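The values are calculated or read from the model by the stated rules, or taken from the named source; none is laboratory data. What you see is a predicted model; the values in this text were computed from it and never measured. A quick note on method: Cβ atoms are made from the backbone with ideal geometry, for glycine too, and the neighbour counts reach across all protein chains shown. In case anyone asks, the SASA skips ligands and DNA or RNA and just uses the protein heavy atoms, side chains included. Shrake-Rupley method; radii C 1.70, N 1.55, O 1.52, S 1.80 Å.
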Amino acid sequence: EGLLAMIHLSGLEPTHLTIDDIVFKIGPRINAAGRIKTASMAVELFLSENKADAMKIAEELCATNKERQNEENSIMQEAYGMIEKYDVENNPVIVLDADHWHHGVIGIVSSRITEKYCRPSILVSFEGNELDVPFEENVGKGSGRSVKGMNLVDALCYCSDHLVKFGSHELAAGLSVKRCELDQFRTLINDYARENLSDDDMVPTMEIDSVINFSDVSLS
């Protein structure tokens with residue numbers, strides 16, 4: 001019932017679903033629960049056996065997804081404004097921070113920045129710190145994306161003395177960093193990038209599966 005309700009609210013027909021429908025319409029609505037509120041909303045949707053309850057949860061998830069989109073667009077515009085003042089030429093890794101960015105959304109924005117500028121990016125938010133914690137001891141949660149050519153695992157290991165914790169794979173990472181360590185972290189990860197990232201790594205590329213002649217193309 002839950003999935004049918006979500007399909008209906010996404011303006012889709014359950015008998016005519018495409019992979020794009022799932023990836024770009026249904027998936028984001030379900031993922032929004034964990035990003036903005038709690039993932040249990042999505043679990044409740046899938047477990048619901050009552051049509052009315054399922055529709056109510058699906059409507060809530062759709063509203064949450066719109067909230068996620070608004071938050072994402074807001075952070076993105078703010079980040080683009082910061083990048084205009086960022087020394088991108090001499091600092092190949094874009095490291096931005098703010099006190100109010102939503103932790104669940106900064107990974108999406110980081111991905112878009114990396115795609116747009118073709119260089120690694122890390123966004124850090126100090127949202128949610130307790131008022132009784134000294135300002136410089138505030139811990140920010142960060143999310144990063146990289147490009148082929150700079151392995152984030154190796155890069156963060158290089159900077160590990162200045163991080164509270166981190167977890168990553170080659171092209172994506174999550175991390176925690178104290179405010180008093182952020183500038184040093186920014187410096188170190190850019191030092192690492194200058195040694196390990198070439199100019200060619202920061203040029204947009206397109207991976208081509210194969211080359212065919214126009215005469216090989218048919219409607220089917």
Right, LEU61: buried (at least 17 other Cβ atoms within 10 Å of the Cβ) and over 15 Å from the mean Cα position of the chain (by Cα) or not? yes
Any residue at all in segment 78-95 that's within 17 Å of the chain's Cα centre (by Cα), surrounded by fewer than 21 Cβ atoms within 10 Å (Cβ to Cβ) and of a type outside the set (A, V, I, L, M)? yes
Just checking, how many residues over segment 133-178 are among the charged types (D, E, K, R), outside any strand (DSSP E or B) and within 19 Å of the chain's Cα centre (by Cα)? 2
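One line per residue, one yes/no per condition, for (1) open to solvent by 20 Å² or more (accessible area, probe 1.4 Å); (2) under 23 Å from ASN138 (Cβ atoms); (3) among the hydroxyl-bearing types (Ser, Thr, Tyr):
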residue	(1), (2), (3)
CYS157	yes, no, no
ASP161	yes, yes, no
VAL177	no, yes, no
PHE185	no, yes, no
TYR192	yes, no, yes
Just to be sure I understand, how many residues within segment 22-70 are in contact (Cβ under 8 Å) with a residue 40 or more places away in the chain, basic (Lys, Arg) and over 18 Å from HIS102 (Cβ atoms)? 1
Collect the residues in segment 179-220 that are assigned to a loop (DSSP other than H, G, I, E, B), closer than 30 Å to HIS162 by Cβ and not hydroxyl-bearing (Ser, Thr, Tyr), keeping them in residue-number order. LEU197, VAL203
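Residue-by-condition table, conditions (1) in contact with a strand residue (DSSP E or B) (Cβ under 6 Å, 6 or more places away or on another chain); (2) modelled with pLDDT of 95 or more; (3) open to solvent by less than 30 Å² (accessible area, probe 1.4 Å); (4) not basic (Lys, Arg):
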| position | (1), (2), (3), (4) |
| --- | --- |
| ALA5 | no, no, yes, yes |
| THR15 | no, no, no, yes |
| THR18 | no, no, no, yes |
| ASP21 | no, no, yes, yes |
| ARG35 | no, no, no, no |
| MET41 | no, no, yes, yes |
| PHE46 | no, no, no, yes |
| GLU49 | no, no, no, yes |
| MET76 | no, yes, yes, yes |
Taking only pairs six or more apart or across chains, which ones have beta-carbon atoms under 7 Å, a first residue in segment 168-192 that is touching a residue at least 60 places away in the same chain (Cβ under 8 Å), and a second residue that is among the basic types (Lys, Arg)? ALA172/ARG145
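Residues checked against (1) open to solvent by 10 Å² or more (accessible area, probe 1.4 Å); (2) at pLDDT 90 or above; (3) in contact with a Phe, Trp or Tyr (Cβ under 9 Å, 6 or more places away or on another chain):
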residue	(1), (2), (3)
HIS102	yes, yes, no
VAL105	no, yes, no
VAL109	no, yes, yes
LYS116	yes, yes, yes
VAL124	no, yes, yes
GLY128	yes, no, no
PRO134	yes, no, no
GLY140	no, yes, yes
SER143	yes, yes, no
Condition check for GLU89: in a loop (DSSP other than H, G, I, E, B) and within 22 Å of ASN196 (Cβ to Cβ): yes
